[in-house]
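One structure below.
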Amino acid sequence: MSLKQTIEEIVTKHLPDDSHFVVDVLINEKGPKQKVSILIDADGGLNIDTCATVSRAVGEELEAKEIIEKAYVLEVSSPGLDHPLTGRRQYQKNIGRNLQVTMENGEKMEGKLLSVDQSAINLLVKQKEKGKKAVEVEATIALEQIKKSIVLVSFK
């Protein structure tokens, strides 16, 4: 099992309940200290107290089991708006928001996330034909075709 998988299992064990989930574990070995960034989220939103509690519990277990050999910095936080969506639960949480989706073939789409199922997302996108007004159409995109999705922030 890789270090990333081991840390992910430890984090999952220390989450408060089933509404919380691991988004990603990033390990950066550059510099004098290794940096371990753990990104967690929750279906109903995440608060700083949960991040602190998880950080303490994970840090204690990493130290007790001596999982990381050299000096490291541990950081537990929410992924933030600029972090790409990585799983169905994150898509589910962002229904109703506008996304920018980059496909595996490089094509980009922007639209309002309408729904998510086991294998695809549905976006309401504006489609413009030459000489006509743009119309909104529903586009279904298979999750396996998505390279990257980010939430677009609106200040309206």
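Things worth noting here:
- Which numbered condition Gly111 misses (of (1) farther than 19 Å from Asn94 by Cα; (2) part of a strand (DSSP E or B); (3) modelled with pLDDT of 95 or more): (1)
- The range 4-42: number of residues that are surrounded by fewer than 16 Cβ atoms within 10 Å (Cβ to Cβ), among the acidic types (Asp, Glu) and not in a helix (DSSP H, G or I): 3
Yes/no matrix, rows are residues, columns are (1) without any contact (Cβ under 8 Å) to a residue 24 or more places away in the chain; (2) touching a strand residue (DSSP E or B) at 6+ places or on another chain (Cβ under 9 Å):
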{"position": "Gln5", "(1), (2)": "yes, yes"}
{"position": "Pro16", "(1), (2)": "no, yes"}
{"position": "Leu26", "(1), (2)": "yes, yes"}
{"position": "Gln34", "(1), (2)": "no, yes"}
{"position": "Leu46", "(1), (2)": "no, yes"}
{"position": "Asp49", "(1), (2)": "yes, no"}
{"position": "Val54", "(1), (2)": "no, yes"}
{"position": "Ile68", "(1), (2)": "no, yes"}
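- Top-ranked residue in the range 58-104 [being under 11 Å from the mean Cα position of the chain (by Cα) and of a type in the set (Gly, Ala, Ser); ranked as surrounded by the fewest Cβ atoms within 10 Å (Cβ to Cβ)]: Gly80
- Residues (under 20 Å from Arg56 (Cα atoms) and over 21 Å from the mean Cα position of the chain (by Cα)) located in the range 16-36: Lys33, Gln34
The values are calculated or read from the model by the stated rules, or taken from the named source; none is laboratory data. Nothing here was measured: the structure is a model prediction, and the numbers come from that model. Using ideal geometry, Cβ is built from the backbone for each residue, glycine included, and neighbour counts are taken over all protein chains shown.
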